[in-house]
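The values are calculated or read from the model by the stated rules, or taken from the named source; none is laboratory data. Because the structure is a prediction, the values reported are computed rather than measured. Methodologically, a virtual Cβ is constructed for each residue, glycine included, from the backbone with ideal geometry; neighbour enumeration extends over all protein chains shown. Surface accessibility is based on the protein's heavy atoms, side chains included, excluding ligands, DNA and RNA. Shrake-Rupley method; radii C 1.70, N 1.55, O 1.52, S 1.80 Å.
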Amino acid sequence: MYQTSSSLERADRAAGLAARHAGAGAEAVLAAAIGQDFPGRIGLVSSFGTEAAVLLHMVSRIDPYVPVIFLDTWKHFPETLAYRDRLIAAFGLCNIQTVTPRPAALEADDPDGTLHGRDPDRCCHVRKTLPMLAALRSLDCWITGRKRHQASSRADLALFEAQDRWIKLNPLADWTGAETAAYFAAHDLPPHPLAAQGYPSVGCAPCTRAVAEGEDARAGRWAESGKTECGIHIVDGRIVRG
């Protein structure tokens, strides 16, 4: 596929940042990205899911005014919305940006709210991808909580990567489940209300089920559909399934 000079430059910059920060701890990488690499042009995209408290806590200690972008698809579990409010208050986060789908888009594509059952990819496109692209317009870099251990599709996840107009930072890419649990314990972070009910990964309520023992952490997302990602990870207009 043809790549523009700007996309090649972003890819080179992502590779350079990954090499420069290789071996550094997640908090050190975050602090450098927020304060030096992308000052005023970086934000954290958070689902306020079962492991989200780690990055939210780290960012709050570095700069509580870093934008935290939350996609409210209007299909979340009520437990997720309550957890969001609890973490915002507990961590003193000062710049929460709640993004929603356009009502006109929902009226056109999902007037009865059941699109997720007929075409989950299109549902995610309308409720997540399009609002996310609009929310990221003022940023050069966005932070994600993706980890290599979460699913086989994420096994090659890089610390920094280029995506369309942006560079993405995955500071917890190499973290294990044990490291995440240890951070929760060390900082006495509150768990997501659904974690104890067998939900290691939480998305929209209609498309998320509890996970059986031995399954991937994300096996409960769009189960039995073959879908593994919501679609907000895009390169040159193509959905990245990893």
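What the table shows:
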read-out: Cα-Cα P(r), the range 159-210, percent of pairs per 5 Å interval; value: 5, 15, 16, 18, 18, 18, 10, 1
read-out: Cα→Cβ-extended label distance, 7 Å offset, between Ala185 and Leu133, nm; value: 4.4 nm
read-out: Distance cut-off 29 Å, percentage of C-alpha pairs in the range 5-240 lying past it; value: 24 percent
read-out: Estimated FRET transfer efficiency (Glu215, Gln36; beta-carbon r; R0 41 Å; 0.05); value: 0.55
read-out: Whole-Å semi-axes of the ellipsoid equivalent to the range 126-205 (Cα gyration tensor, √5λ, descending); value: 25, 17, 13
read-out: Exposed GluC sites (Glu not before Pro) absent: longest stretch of the chain, with sites in DSSP loops and at most 11 other Cβ within 10 Å deemed exposed; value: 1-212
read-out: ³J(HN,Hα) computed for each position of the range 185-200 - Karplus, 6.51 cos²θ - 1.76 cosθ + 1.60, integer Hz, glycine/proline x; value: 5, 5, 10, 6, 7, x, x, 5, x, 8, 4, 6, 9, x, 10, x
read-out: Per residue accessible area of the chain, 1.4 Å probe, in Å²; value: 46 Å²
read-out: Phi to ³J(HN,Hα) by Karplus 6.51 cos²θ - 1.76 cosθ + 1.60 over the range 30-39, Hz, x for Gly, Pro; value: 4, 4, 5, 5, 6, x, 10, 6, 9, x
read-out: Net charge, Leu133 excluded, C-beta distance under 11 Å - Lys, Arg +1, Asp, Glu -1; value: +2
read-out: Inverse mean reciprocal Cα-Cα distance (Kirkwood Rh) of the range 41-153, Å; value: 15.1 Å
read-out: Portion, in percent, of the accessible area of the chain that falls on carbon or sulfur, probe 1.4 Å; value: 52 percent
read-out: Residue among Leu194, Trp142, Ala89 farthest towards the positive dipole end of the chain, charges placed on Cβ; value: Trp142
read-out: Table column - 3J(HN,Hα) (Hz), the range 103-114, Karplus curve with 6.51, -1.76, 1.60, x for Gly and Pro; value: x, 5, 5, 5, 4, 7, 9, 9, x, 9, x, 10
read-out: Chymotrypsin sites (Phe, Trp or Tyr not before Pro) restricted to the range 1-91 and DSSP loop, no more than 15 other C-beta within 10 Å; value: Tyr2, Tyr65, Trp74
read-out: Long-range HN-HN contacts of His76 with modeled amide H, under 5 Å; value: Ala205
